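This report refers to the structure that appears directly beneath it.
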Amino acid sequence: MRATLAASLLLLVAGLTAAVHTQSNAARAVPRPATPQDAKSTIDRYCATCHNQRLRAGNLDFASLDVTTAGRDPQTWEKVIRKVRTGMMPPSGAPRPERATLDGFAASIETMIDR
């Protein structure tokens, strides 16, 4: 009985350790920057609905900005990155891509700013 209990406890601890290790590795994974076309598609699908010439939510119109030339207006794009990374955008209730897509989107803008 004691041997069975000890073996069960050992398996439980090993399983929990493996799960925590897997989660910590996933959290440390560096997002793969999206391509410029991926970034444009993300903006068109998730951002331009509200941030357009007509609505200008947040006084931002993505139709007048080109993500491939983000280095020309780094202040605006840094604000976009900050809002995406903190989860403020897309807003709750709005369609939202997977976290990995948002992280790749933000990484691609950072890359374009740094060019």
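The values are calculated or read from the model by the stated rules, or taken from the named source; none is laboratory data. Everything quoted here is computed from the prediction, not taken from an experiment. With ideal geometry, Cβ positions are generated from the backbone for all residues, glycine too; neighbour counts draw on all protein chains shown. For the accessible areas, the whole protein counts, side chains as well, though only heavy atoms, and no ligand, DNA or RNA atoms are used. Shrake-Rupley method; radii C 1.70, N 1.55, O 1.52, S 1.80 Å.
Residues checked against (1) under 15 Å from ARG45 (Cα atoms); (2) in a loop (DSSP other than H, G, I, E, B); (3) in contact with a Pro (Cβ under 8 Å, 6 or more places away or on another chain):
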residue	(1), (2), (3)
ALA70	no, no, no
MET88	no, yes, no
ARG96	yes, yes, yes
ALA100	no, no, yes
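Return a yes/no flag: does segment 48-57 have any residue that is in contact (Cβ under 8 Å) with a residue 12 or more places away in the chain, within 10 Å of the chain's Cα centre (by Cα) and outside any helix (DSSP H, G or I). There is no residue in segment 48-57 that is in contact (Cβ under 8 Å) with a residue 12 or more places away in the chain, within 10 Å of the chain's Cα centre (by Cα) and outside any helix (DSSP H, G or I). Checking the stated criteria, THR42 turns out to be at pLDDT 90 or above, hydroxyl-bearing (Ser, Thr, Tyr) and under 18 Å from the mean Cα position of the chain (by Cα). Just to be sure, is GLN37 part of a helix (DSSP H, G or I) and loosely packed, with under 12 Cβ neighbours inside 10 Å? Here the answer is yes, as GLN37 does meet what is asked. It is to be established whether one or more residues within segment 65-72 are within 21 Å of the chain's Cα centre (by Cα) and over 19 Å from GLN37 (Cα atoms). Within segment 65-72 (the criterion being within 21 Å of the chain's Cα centre (by Cα) and over 19 Å from GLN37 (Cα atoms)), the answer is no, since none of the residues qualifies. A Cβ distance below 7 Å, combined with a sequence gap of six or more or placement on separate chains, defines the contacts here; from segment 62-88, residues that are under 23 Å from GLU98 (Cβ atoms) reach residues that are outside any helix (DSSP H, G or I) and open to solvent by 50 Å² or more (accessible area, probe 1.4 Å) in the pairs LYS83/MET89.
Selection of segment 75-115 for residues being over 16 Å from PRO33 (Cα atoms) and open to solvent by less than 50 Å² (accessible area, probe 1.4 Å) yields THR76, GLY87, PRO90, ALA94.
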